[in-house]
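Quick notes on the structure that follows.
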Amino acid sequence: MALLLKLDFSKSILLILFSGMLFSCQNDIEQIEALTEDQNFPVQIVRDGTFHYTQQGKLRNTLKATFLEQYEGENPHLKVSEGFTLFMYDSLENIEATLQANEGIFIEQEQRMEARDDVMLWNLEGEILRTEELIWQQDSDKVYTDKFVSISTKDGIIYGKGLVSDSRFKSYSMKNLSGDLYVDDPAKKDSLNGSEEKP
């Protein structure tokens, strides 16, 4: 009789332990699911990648990224860090402009790219825009910033706070303009104040 009671007691202990393990596993799974819901993890990570974007069979952009993370979910986006270069092409697939920055994010639903930290944009004329943040609205093909900007041209350097341009940096306007333009005749050297628009 004592042996039978001992066996039943042992079975009860095993049943309690097993139930506890199941309950513990269930809690762990629920915690993991809660964590993955709260935190948006990348679905793809690429190091030193080159990505080509086409439109109607023609090359439009090439992105060279040191470190790229792709996120999905409610707010799908691409995040680039450690430096990237974006080449923009014309209809004949010649490079029209080059954008470079340390960090960037492309928000798919809004068709918006934000470049940050040591941003530079070159155009065909050799002009170089420098700023700390530049936003490219892809659907309207506008590039803009409200940060401090400088534009190096063959005639000098122009400074301003705020800029609106097309993505190829062909036509742009600046606010709070200042700087020096250098010309052959020193008597005609201009110091700019106000705003300038380049056609």
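The values are calculated or read from the model by the stated rules, or taken from the named source; none is laboratory data. Since the structure is predicted, the reported quantities are computational estimates derived from the model, not experimental observations. Reconstructed Cβ throughout: ideal geometry from the backbone, glycine too, with neighbour counts over all protein chains shown.
Can you tell me which condition residue 141 does not meet? The list is (1) at pLDDT below 95; (2) loosely packed, with under 15 Cβ neighbours inside 10 Å; (3) within 23 Å of residue 178 (Cα to Cα); (4) charged (D, E, K, R), and all the others hold.
(3)
What number of residues within segment 93-104 satisfy the criterion of being buried (at least 16 other Cβ atoms within 10 Å of the Cβ) and acidic (Asp, Glu)?
2
What are the residues in segment 115-130 that are of a type outside the set (A, V, I, L, M, F, W, C) and over 11 Å from the mean Cα position of the chain (by Cα), if any?
Within segment 115-130, the subset of a type outside the set (A, V, I, L, M, F, W, C) is 116-118, 123, 125-127, 130.
Of everything in segment 115-130, those that are of a type outside the set (A, V, I, L, M, F, W, C) and over 11 Å from the mean Cα position of the chain (by Cα) turn out to be 118, 123, 125, 126, 127, 130.
State all residues of segment 131-161 that are within 21 Å of the chain's Cα centre (by Cα), farther than 16 Å from residue 118 by Cα and among the charged types (D, E, K, R); if no residue qualifies, say none.
Result: 139, 141, 142.
Could you please find all residues in segment 62-75 being modelled with pLDDT of 90 or more and either outside the structural domain of residue 103 (by TED's automatic domain parsing) or not acidic (Asp, Glu) (or both)?
Across segment 62-75, the qualifying residues are 62, 63, 64, 65, 66, 67, 68, 70, 71.
Residues of segment 144-199 being in a strand (DSSP E or B), among the hydrophobic types (A, V, I, L, M, F, W, C) and at pLDDT 75 or above, which ones?
148, 149, 151, 157, 158, 163, 164, 174, 177
Here's the yes/no breakdown for (1) farther than 20 Å from residue 142 by Cα; (2) buried (at least 17 other Cβ atoms within 10 Å of the Cβ); (3) touching an Asp or Glu at 6+ places or on another chain (Cβ under 6 Å):
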position: 41; (1), (2), (3): yes, no, no
position: 54; (1), (2), (3): no, no, no
position: 57; (1), (2), (3): yes, no, no
position: 61; (1), (2), (3): no, yes, no
position: 70; (1), (2), (3): yes, no, no
position: 76; (1), (2), (3): yes, no, yes
position: 82; (1), (2), (3): yes, no, no
position: 86; (1), (2), (3): no, yes, no
position: 91; (1), (2), (3): no, no, no
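What is the residue count in segment 105-124 for residues that are surrounded by fewer than 16 Cβ atoms within 10 Å (Cβ to Cβ) and under 23 Å from residue 176 (Cα atoms)?
Summing the residues that are surrounded by fewer than 16 Cβ atoms within 10 Å (Cβ to Cβ) and under 23 Å from residue 176 (Cα atoms) in segment 105-124 gives 2.
If I go through segment 85-114 residue by residue, how many of them are more than 21 Å from residue 72 (Cα to Cα), under 17 Å from the mean Cα position of the chain (by Cα) and touching a residue at least 24 places away in the same chain (Cβ under 8 Å)?
Taking segment 85-114 as the starting set, the residues that turn out to be more than 21 Å from residue 72 (Cα to Cα) are 85-102.
Checking which are under 17 Å from the mean Cα position of the chain (by Cα) leaves us with 85-88, 98-102.
Keeping just the survivors that are touching a residue at least 24 places away in the same chain (Cβ under 8 Å) gives 86-88, 98-99, 101.
Residues flagged as more than 21 Å from residue 72 (Cα to Cα), under 17 Å from the mean Cα position of the chain (by Cα) and touching a residue at least 24 places away in the same chain (Cβ under 8 Å) within segment 85-114 amount to 6.
Looking for whichever is among the hydroxyl-bearing types (Ser, Thr, Tyr) and modelled with pLDDT of 95 or more here; the options are 36, 85, 54. Which one fits? Spell out the reasoning first.
Working: 36 fails: modelled with pLDDT of 95 or more; 54 fails: modelled with pLDDT of 95 or more.
Going through 36, 85, 54 in turn, just one is among the hydroxyl-bearing types (Ser, Thr, Tyr) and modelled with pLDDT of 95 or more: 85.
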